[in-house]
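The values are calculated or read from the model by the stated rules, or taken from the named source; none is laboratory data. Keep in mind the model is a prediction, meaning the values are calculated, not measured. Neighbour counts run over all protein chains shown; Cβ positions are idealised from the backbone, glycine included.
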Amino acid sequence: MTAIIQSIRGMHDILPADMAAWHLLETTVRSVFQSYGFDEIRIPALEKTDLFARAIGDATDVVQKEMYSFEDRGGDWLSLRPEGTAGVVRAVIQNGLLYAAPLRLWYMGPMFRRERPQKGRTRQFHQVGAEVFGAQGPDVDAELLAMCQRIWQQLGLKNLRLEINSLGTADERAAYRDELRHYFSAQVEKLDEDSKIRLDRNPMRILDSKNPALRELIAAAPSLQAFLGEESTGHFHKLQAYLADLGVAYTVNPRLVRGLDYYSHTVFEWITDELGAQGTVCAGGRYDGLVELQGGKPWPGIGFAMGQERLVELLHSAAEIESHVPDIYLVMVGDKTTGQGLVLAETLRDALPGLSIQSNLNGGSFKSQFKRADRSGARLAMILGEEEVARHEVSIKSLRTAGDQQRVAMENLQSWLHSWLEIRQ
């Protein structure tokens, strides 16, 4: 017997029972993005490895350990995208889109990282992201956060909190890194192995550590806020004022950092306590140095990405989401009814857009077809037997409510269904 091929570890199927939540999420974000003037962009899943090495950094775990990279037949090194921002930046530079400022773009799709699979973290995962280019003031930062809040509200998600911080400018961070390196070096014996590596590469990443043994040491570390100049402080204060005006609640988290030099000023995360250790469902920040790093002219940018798997899990916890079910299950009994039934279903779909009809296929007795109709979840069974064909009518029976079976003449069927659809809505 041939062995069954299993899916790759960390890459999961999204089954029909889960699709209603995915569709709700995707429809909602598309609608909200459009209401803020964002245009959708679709970028390749496969890019040159150097794109991510530049954007994320050669020395990072993502590039060193987690990317799916390979040499193709032409000798080029290619990688499946581990995130979306680098590809969007590449696309807007390559296609000359940057100079229609401010440029608002959003994207959605699968990302790939070869890390240890766990709850809320898979090797193929899906993200929705938004990017704005050409606007450097805190007003765009605030509007992005208000847009996120609107998405949560329309999805019915209530237990998300916003944390924000300012990373200042590159020079301010350089001075802060020197101070952090001095602080942690004096207590290096208290650091774990990951933090010792980060001490050399970028001591700001130590502040990201989830090791509880380092909590007190990190809490006592110097604060970046003390190194911010007048311009950076002013940007952050204006952002907070805008958020207050917009009714967006937040907490300033001085330990919220990014490990890459192109980030500047605002960084933020939306966090939940309902998913265990993987509590961040949306993260973003201002990356005013990234466009230049990727070969473009200096150009401000800010964006965020949200994890679809984590949001879908929250949706399942927040509400009972109904899977799609057909309006009608078409039962066809008798040798001469199938062809006429299939034509009837097509005619009704043409006449009543939005009407969902599942036709019985592969024959079966009247009893077995009714069992299939019930399993389908359909609201009505529409019966076309040889007697109905002879009378030029159909029989209709409600599958979800009590009531007698009705006979409806073919010439009245469309108007009957139209009225039924209006009442159902």
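In this structure, V257 qualifies as within 32 Å of the chain's Cα centre (by Cα), in contact (Cβ under 8 Å) with a residue 40 or more places away in the chain and either more than 22 Å from E179 (Cα to Cα) or surrounded by 19 or more Cβ atoms within 10 Å (Cβ to Cβ) (or both).
For the range 50-85, filtering for residues that are in a loop (DSSP other than H, G, I, E, B), of a type in the set (D, E) and surrounded by 13 or more Cβ atoms within 10 Å (Cβ to Cβ) leaves 1.
Per-residue answers, yes or no, for (1) on the phi > 0 side of the Ramachandran plot; (2) in a strand (DSSP E or B); (3) more than 28 Å from the chain's Cα centre (by Cα):
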position: V140; (1), (2), (3): no, no, no
position: L144; (1), (2), (3): no, no, no
position: I164; (1), (2), (3): no, yes, no
position: R173; (1), (2), (3): no, no, yes
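Restricting the range 98-135 to residues that are in a strand (DSSP E or B) and among the aliphatic types (A, V, I, L, M) leaves a set whose member that is surrounded by the most Cβ atoms within 10 Å (Cβ to Cβ) is A130. The residue that is surrounded by the most Cβ atoms within 10 Å (Cβ to Cβ), among those in the range 238-254 that are within 27 Å of R215 (Cα to Cα) and in contact with a Leu (Cβ under 8 Å, 6 or more places away or on another chain), is Y250. Restricting the search to the range 310-341, which residues are in a helix (DSSP H, G or I) and either in contact with a Gly (Cβ under 7 Å, 6 or more places away or on another chain) or more than 16 Å from H392 (Cα to Cα) (or both)? Correct list: R310, L311, V312, E313, L314, L315, H316, S317, A318. Scanning the range 352-365 for residues being surrounded by 13 or more Cβ atoms within 10 Å (Cβ to Cβ) and either touching a residue at least 60 places away in the same chain (Cβ under 8 Å) or not hydroxyl-bearing (S, T, Y) (or both) gives a total of 6.
Each row is one residue, and each column tells you yes or no for (1) touching a Phe, Trp or Tyr at 6+ places or on another chain (Cβ under 9 Å); (2) without any contact (Cβ under 8 Å) to a residue 60 or more places away in the chain; (3) assigned by TED's automatic domain parsing to the domain that holds Q127.
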{"site": "M1", "(1), (2), (3)": "no, yes, no"}
{"site": "R9", "(1), (2), (3)": "no, no, no"}
{"site": "A21", "(1), (2), (3)": "no, no, yes"}
{"site": "L25", "(1), (2), (3)": "no, no, yes"}
{"site": "T28", "(1), (2), (3)": "no, no, yes"}
{"site": "S31", "(1), (2), (3)": "no, no, yes"}
{"site": "D39", "(1), (2), (3)": "yes, no, yes"}
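Scanning the range 350-367 for residues being closer than 18 Å to N412 by Cβ, out of contact with any His (no Cβ under 7 Å at 6 or more places or on another chain) and not in a strand (DSSP E or B) gives a total of 3. Using the structure shown, decide if S395 is in a helix (DSSP H, G or I), polar (S, T, N, Q) and under 23 Å from K336 (Cα atoms). So S395 fails the test. Of all residues in the range 175-231, those satisfying the criterion of being part of a loop (DSSP other than H, G, I, E, B) and either under 20 Å from Y262 (Cα atoms) or assigned by TED's automatic domain parsing to the domain that holds G279 (or both) are N202, S223, L228, G229.
Go through the residues of the range 351-361 one by one and say whether even a single one is at pLDDT below 90 and in the same structural domain as L413 (by TED's automatic domain parsing). Within the range 351-361 (the criterion being at pLDDT below 90 and in the same structural domain as L413 (by TED's automatic domain parsing)), the answer is yes, since at least one residue qualifies.
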